[in-house]
1. How do the peptides 175-184, 158-167 rank, highest first, by the average count of neighbouring beta carbon atoms within 10 Å per residue?
2. With equal scatterers on the alpha carbons only and no solvent term, can you work out the Debye log10 of I(q)/I(0) for region 374-435 at 0.12, 0.24, 0.29, 0.30 1/Å?
3. Any chance you could run the full-extension gain for residue 176 through residue 50? It's 0.36 nm times the residue separation minus the Cα-Cα distance, nm to one decimal.
4. Rounded to whole Å and sorted largest first, list the principal axis extents of the Cα atoms in region 326-476.
5. Length gain on complete extension for the stretch residue 288 to residue 430, per 0.36 nm per residue less the alpha carbon to alpha carbon distance?
6. Which distance in Å, rounded to a whole number, links the C-alpha centroids of region 6-70 and region 209-233?
7. With 10 Å bins from zero, work out the P(r) of region 197-347 over every alpha carbon pair and list the percent per bin.
8. When ranked by the protection proxy of mean other Cβ atoms within 10 Å per residue, highest first, what sequence do the peptides 407-417, 255-265 form?
C-alpha cells in the first residue's frame, strides 16, 4: 500500500460513509437496480418479460461477480457491456433482456444522479449538525460582550454569541441553496443514444404513450419524482455545475468560519479543541496551532477551485454527447464531495469543542472601551449644556494622546482620566468608570441572537431532529 499514490481525501479526510457512496460497489449495485427497474417497467408496459426473469435479476442484485466483469472488460474495453455480460452469466434466464433498449448512459448517468443526490443528503445532515452546534454556542454566549472588528481594527462591541450568528447565517444560506438543488434533482430516464428514445419507439411498436410513461416509472422505482424532460444521450452537465457550486458555497462559509477561529485563537479569546497528547510544533513545544481550522481552510480552497471543473466541462459539450467529460467527472465530482465531507466533519468537531476565554475577551474589550464610550460621554456633556462641536474636537485631541500613550509608550489607555481632567465635560473619573459597563455598548446583540435562533434557526433544527446526533471522526 506504500508503493503507489493514494488520495488523501480517502486516507485522511473523508468519512467512510461518503467514501462508500462513491465506491465502485455502490455504483455497480446501482447499475443492477436500474436494470431491474428497466425490466420491470418494460414488463408492466407489455413487453415479453417474465416474473421469473425479474426475480432472477433481483436474486443477484447484490452479489456482483467482479472477476467475471473484469476479465470481460479486458476483452471488450467497455465497462457497461462487461457488467451486462457478468450479470447475464449469473442470470441465464434473464440474460437476453438485460439493458434492453438502453444505452450506456442509462446506467452511467442515472447512477451519477442517484449517487450525487444521496451524497447531497449526507452533506445536508452534516451541515445541519454544524448549524445546530453553532446555535448552542451562540445561545450560550449571546450576552458575553466582546470587541468587534471592522478591517480587523477595534470597532463597536458585539457579543460572542452575536458573532456566531454571522457564521450560522452563512451556513443557513448554503442550506437554502442545497435544499433548492435537492428539490430539482431528477433522473435522466431512458432517453437512448441521442435522447430521442428511438430504440424504445421500436421496442413498443411506435406506442408513444407507453414511451412517455416508461421514464416516470423508472424514476419512481428509483426513488425520484421525475426525469429531465429533454436531453441528448447524457443529462446536461450543467447539473454537475450546479452541484459543485453548492459544495463550493459550503466550503466558502466554512473557510470564513475557520478564518475567524484562527484569528481569535491568535488573540487567545477563542480556541479550537486541542487534545492532551496533541503536538502543535515539532520545534516549539508550547504552540497550540489551530490545525483543524487550517485544514478546513485548506480543503475549502480545493473545493472552491474544483467547482471550475464542471463549469468548463458543461460549457464545452458538443451537440448530443461527447466523451471529454468522463475523465474529469470521475475526479472532480467525487473529490468535491469527499473534500466537503471532510470539511463538515472538521466543522462538527471544532464547533463541538470551542473553548472561550472570557477573561481575555473582557480585558481586551476594556482596553478599547474608553474610545467607544466617547460618543455617550459627549452626548451627556451636550445635554448638560456643552457645545457639541467643541466637545467633539476635544475628545478627538484627547483620543490621539491616549492612543499615543498606548502605542508608543506601552502604557494603559488613560482616555477616561484625560476626559475627567477637562472642565468642559463636568464629570468625575468615578462617574465615567461607573458607566463603563460593556453590556451597555453591545446594542441589541443579545436580543438579536435570541430572535434569530427562535425565529429562523430552531424551526429548521426541529424539523431535522434526526440529523442532530451525528458525530465526526477525525482521522489525523
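1. 158-167, 175-184
2. The Debye formula, applied to the Cα set alone, gives -0.28, -0.99, -1.27, -1.32.
3. 40.8 nm
4. 76, 38, 32
5. Result for the pair: 47.1 nm of gain on full extension.
6. Their Cα centres are 19 Å away from one another.
7. Values per bin, smallest distances first: 10, 26, 23, 18, 12, 7, 4, 1.
8. The densest-packed peptide leads the list: 255-265, 407-417.
FYI, it's all coordinate maths here, none of it is from the lab. Predicted, not measured: the structure shown is a model, and the values here were computed from it. Neighbour counts run over all protein chains shown; Cβ positions are idealised from the backbone, glycine included.
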